[in-house]
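Colleague: Here it is: the structure, laid out below.
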Amino acid sequence: MLTYPAECKYVKTHEYVRSEGENSAVIGITAFAADQLGDVTYVELPKVGAKYKKGDTFGIIESVKSVSDLFMPVGGEVVAVNERLSSEPELVNNDCYGTGWMLKIKPADSGEFKETLSADQYKELVVE
């Protein structure tokens, strides 16, 4: 069963962002994306301190089926990277909203959260 937590915001490229207070947000791929990819075999993530604008490519995810770019749902500076994914990429499949998170950022513009999709809007997008 695919889940779409209400506390997350979503983008059409299948990443989520979850605010953790004014200066922190968590980014990863959605359960739908993880399901579509199949078994994730490799995740390439940026270094702490990298800055991105909304929509920029921040990494690459590989699975047994394909290789895909990862896109920033909102702009900001990377303050933490999930180092476990380099040795345990399957965490993305097992728990994309928990232990399979990818980045923690300091958002550049909290207004960009308003341009994302709610869980219900994202669910409508992927069910079509």
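Colleague: Tell me, which residue of the range 70-108 that is part of a strand (DSSP E or B) and free of Cβ contacts under 8 Å to residues at least 40 places away in the same chain is farthest from Val26 (Cα to Cα)?
Modeller: By that ranking, first place goes to Glu77.
Colleague: Quick one: which residue in Lys12, Lys54, Lys104 is loosely packed, with under 14 Cβ neighbours inside 10 Å, within 19 Å of Thr116 (Cα to Cα) and under 13 Å from the mean Cα position of the chain (by Cα)? Full working, then the answer.
Modeller: Details: Lys54 fails: loosely packed, with under 14 Cβ neighbours inside 10 Å; Lys104 fails: loosely packed, with under 14 Cβ neighbours inside 10 Å.
Of Lys12, Lys54, Lys104, the one residue that is loosely packed, with under 14 Cβ neighbours inside 10 Å, within 19 Å of Thr116 (Cα to Cα) and under 13 Å from the mean Cα position of the chain (by Cα) is Lys12.
Colleague: Something else now. Does Val74 satisfy the criteria of being more than 22 Å from Lys123 (Cβ to Cβ) and surrounded by 21 or more Cβ atoms within 10 Å (Cβ to Cβ)?
Modeller: Details: more than 22 Å from Lys123 (Cβ to Cβ): no; surrounded by 21 or more Cβ atoms within 10 Å (Cβ to Cβ): yes.
Judged against the criteria, Val74 is not a match.
Colleague: Only one of Ala25, Ala33 is crowded, with 19+ Cβ neighbours inside 10 Å, within 16 Å of Val126 (Cβ to Cβ) and modelled with pLDDT of 95 or more. Can you tell me which?
Modeller: Details: Ala25 fails: within 16 Å of Val126 (Cβ to Cβ).
After applying the criteria, what remains is Ala33.
Colleague: If you don't mind, another one. Among the residues of the range 1-36, count how many are of a type in the set (A, V, I, L, M), part of a helix (DSSP H, G or I) and in contact with a helix residue (DSSP H, G or I) (Cβ under 8 Å, 6 or more places away or on another chain). First the steps, then the outcome.
Modeller: Pass one, the range 1-36, residues of a type in the set (A, V, I, L, M): 1-2, 6, 11, 17, 25-27, 29, 31, 33-34.
With the extra rule that they be part of a helix (DSSP H, G or I), the set shrinks to 31, 33-34.
With the extra rule that they be in contact with a helix residue (DSSP H, G or I) (Cβ under 8 Å, 6 or more places away or on another chain), the set shrinks to 34.
Counting residues in the range 1-36 that are of a type in the set (A, V, I, L, M), part of a helix (DSSP H, G or I) and in contact with a helix residue (DSSP H, G or I) (Cβ under 8 Å, 6 or more places away or on another chain) gives 1.
Colleague: What number goes with the only condition from (1) closer than 17 Å to Gly55 by Cα; (2) in contact (Cβ under 8 Å) with a residue 12 or more places away in the chain; (3) surrounded by fewer than 19 Cβ atoms within 10 Å (Cβ to Cβ) that Lys123 does not pass?
Modeller: (1)
The values are calculated or read from the model by the stated rules, or taken from the named source; none is laboratory data. Because the structure is predicted, anything quoted here is derived from the model rather than measured. Positions of Cβ are backbone-derived with ideal geometry, glycine not excepted, and every protein chain shown enters the neighbour counts.
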